[in-house]
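Notes for the one structure printed next.
The values are calculated or read from the model by the stated rules, or taken from the named source; none is laboratory data. As the structure is a computational prediction, the values presented were derived from the model and not from experiment. Here the Cβ is made from the backbone with ideal geometry for all residues, glycine too, and neighbour counts use every protein chain on show. Ligands, DNA and RNA are stripped out before the accessible areas are found, and what is left, the full protein with its side chains, is counted by its heavy atoms. Shrake-Rupley method; radii C 1.70, N 1.55, O 1.52, S 1.80 Å.
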Amino acid sequence: ADVAYLRSVLPSTTEDAFFDYLATLDASEVTVSAVPEGSVVFARVPFLQVKGPLLVVQLLETTLLCLVNYASLVATNAARFRFLAGPDVKLMEMGLRRAQGPDGALSASKYSYIGGFDCTSNILAGKLYGIPVRGTVAHSFIMSFTSLEEVQPRELPPLAGGEPVDLPALAESWLRRVCELLQTPPEKANRGELAAFVSYAVTFPRDFQGLLDTYCVRRSGLPNFCAVALALHQLGYRAIGVRLDSGDLAQQSKEIRRVLQACGAHFQVPWFETIPIAVSNDISEQSLEEFSQEGSEIDIIGVGTHLVTCPLQPSLGCVYKLVEVNGSPCLKLTEDEEKMTLPGVKTIYRLYDAAGHPFMDLMALEEEPSPSAGQELAVRVLGRLGETSKVVPTSVEPLHRTYFKDGQVCEPLPSLVEVRSHAQTSLSLLSPAHRRLREPQPYPVAVTEKLHRLLGELRQASQ
């Protein structure tokens, strides 16, 4: 069917032999080597190498670029959010509504998890990939209630067993006590919001959480949440958190923590003081920097638009270039050195210093002997090709592994959890100077003297 479609769109003069060839096309002659999934890769370093018949590997170009560009971009973007949030804050991907269609949404969920996010609100991503799923209450759910009379069912049995209790009535009694402690009028607490909280608590007593900013956080959302959470506590249950979706999130988180601590101390409920506080609302890298500067009591951050659409860099720009044909190295020439290809089939090495940090990636021609730990190397750093540098690595790591050969996957493919773990380990190995997001020290990528000579010969021959 594919060949028939191509016949319909290609010129009528196209030879039948071409379509006959396409009908027999297979990948048995293709070899693919790459850096392991989740590895840190720097600009100009080939992270994927494909060998095979020219036509076949040309047909793979668009597919491979589609598969790696957005995935790598989102994973990188997620890693930046993880760096800014720090290791203790939970990060939740919640970009499904803003993603570039359902395929983009699934990719974003998967690759943000690799980049360091803890969970996703995308249930399909959880089903397909095993990513932990988390969610929160919607404003529309809160707004759909007007009074406690709408709550059905009303009764909840204690966790330890016993007679069911009328939860709306119990929550009302707690609301009076909470408002007295907080010195806020009970009549200012929205009754529909209280009903929504109670209804949610009856249904999910072990997973009760409150969305506090549908109306007024201080006068309504927070007292209503505390009342229902304390009513649940009386029956043996624990609330799992609150969420803010508007306003000054850092400042409000501190105010909420003070109220939770006051309630915990006054009503002798110690766990109340540490109820997790989650925030959302167009969270960006700048938002996380502000949280850090101002100080906050935020435990969970939900990121959507600025994660899945990558507004700081909407595309990654990976390229797929021909470097050798029939054993002859080839070169794409340009006046812009950054866009000039490096000829020949290459082996890539990562060089480490005594502290265990990678300090340089080195490209060598495939036939060159592997560099050794402790050996002084003469290299040419890209961007400074006119001068020779001497380096002595403490350890040397070949970056590429062969994953596909003779029509078969020949390397065990890691699970998503293993890829995520490898990504976090790779990032942690970077030196602080290379890892920082503001004005990082450029990471040097170099070529061997032999590869540099080949580059010069091909440039000279092309002039």
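Can you compute the FRET efficiency between Glu367 and Leu333 using 1/(1 + (r/R0)^6), with r the Cβ-Cβ distance and R0 = 25 Å? Round to the nearest 0.05.
0.60
Per-residue counts of other Cβ atoms within 10 Å, averaged by peptide: what ranking do you get for 367-373, 306-312, highest first?
Top to bottom by mean Cβ count within 10 Å: 306-312, 367-373.
Using 7 Å Cα-to-Cβ label points, what is the Glu187/Gln100 separation (nm, one decimal)?
Placing both labels 7 Å beyond Cα along the Cβ direction yields 5.5 nm.
Taking 7 Å along the Cα-to-C-beta vector as the label spot, tell me the Glu324-Cys66 distance in nanometres, rounded to one decimal.
If labels sit at Glu324 and Cys66, their model points lie 2.9 nm apart.
Once label points are set 7 Å from the Cα along Cα→Cβ at both Arg206 and Thr13, what is their separation, rounded to one decimal in nm?
Once both label points are built, they end up 7.3 nm from each other.
Going by a ≥ b ≥ c, the root eigenvalues of the Cα gyration tensor, does the stretch 76-309 fall in the rounded group (a/c under 1.5), the prolate group (a/b larger than b/c) or the oblate group?
Working: a/c = 2.04, a/b = 1.59, b/c = 1.28.
It is prolate, given that a/c is not under 1.5 and a/b is the larger ratio.
Quote the FRET efficiency, to the nearest 0.05, computed for Ala169 versus His139 with a Förster distance R0 of 25 Å and r equal to the Cβ-Cβ distance.
For Ala169 and His139, the calculated efficiency is 0.45.
What does the charge count near Lys405 come to, summing +1 for each Lys or Arg and -1 for each Asp or Glu among other residues with Cβ under 14 Å from its Cβ?
Neighbour charge sum, excluding Lys405 itself: -2.
Among the lysines, which have Cα under 24 Å from the Cα of Lys321 when same-chain residues fewer than 8 positions away are ignored?
Excluding near neighbours in sequence, the set is Lys51, Lys332, Lys339, Lys346, Lys405, Lys450.
Order the peptides 35-47, 157-169, 174-186 from the highest to the lowest mean number of other Cβ atoms within 10 Å of their residues.
Those peptides, ordered most packed to least, come out 35-47, 174-186, 157-169.
For Leu64, Leu377, write out the residues from largest to smallest accessible area, computed with a 1.4 angstrom probe and no ligands counted.
Working: Leu64 40, Leu377 15 Å².
My answer, sorted largest first, is Leu64, Leu377.
Under the Karplus relation 6.51 cos²θ - 1.76 cosθ + 1.60, θ = phi - 60°, what is the ordered set of whole-Hz ³J(HN,Hα) values for the stretch 429-445, x standing for Gly and Pro?
Rounded to whole hertz, the list is 6, 4, 5, x, 5, 7, 8, 4, 7, 9, 6, x, 5, x, 8, x, 10.
Just tell me which lysines come within less than 24 Å, Cα to Cα, of Lys90; anything on the same chain fewer than 8 places away is out.
Lys110, Lys127, Lys254
Please list, ordered by chain and number, the residues whose modelled amide H lies under 5 Å from the amide H of Ala446; skip anything fewer than 5 residues away on the same chain.
Counting only residues 5 or more places away or on other chains, the set is Asp361, Leu362, Met363, Leu382.
Could you run the Karplus curve 6.51 cos²θ - 1.76 cosθ + 1.60 with θ = phi - 60° over the stretch 6-18 and give me ³J(HN,Hα) per residue in whole Hz, x for Gly and Pro?
Rounded to whole hertz, the list is 4, 4, 6, 10, 7, x, 5, 7, 4, 5, 4, 4, 5.
Would you calculate, for the chain, the mean residue ellipticity at 222 nm contributed by helices, counting each DSSP H stretch of 4 or more residues as -39,500 (n - 2.57) and dividing by all residues, to the nearest 500?
The helix-only estimate for the chain comes to -12000 deg cm²/dmol at 222 nm.
I'd like the Kirkwood hydrodynamic radius of the chain, using the inverse of the mean 1/r over distinct C-alpha pairs, in Å.
After inverting the mean inverse Cα-Cα distance, the result is 26.3 Å.
Amide H of Asp213 versus every other amide H placed in the peptide plane: which residues, excluding those fewer than 5 positions away on the same chain, fall under 5 Å?
Distant-sequence amide H within range of Asp213: Asp245.
For the stretch 62-73, just list the computed ³J(HN,Hα) in residue order, Karplus coefficients 6.51, -1.76 and 1.60, θ = phi - 60°, integers in Hz, with x standing in for Gly and Pro.
Whole-Hz 3J(HN,Hα) from phi for the stretch 62-73: 5, 4, 5, 5, 4, 6, 9, 5, 5, 4, 5, 4.
When the accessible area of the chain is computed with all protein chains present and a 1.4 Å probe, what percentage of it is carbon and sulfur?
52 percent
Order 317-330, 113-126 from most to least packed using the mean count of other Cβ atoms within 10 Å.
Output ranking for 317-330, 113-126: 113-126, 317-330.
List every residue whose amide H lies under 5 Å from the amide H of Ile301, counting only residues 5 or more places away in sequence or on a different chain, with H placed 1.01 Å from N in the peptide plane.
Here the answer is Lys90, Leu91, Met92, Val279, since their amide H atoms fall under 5 Å of that of Ile301.
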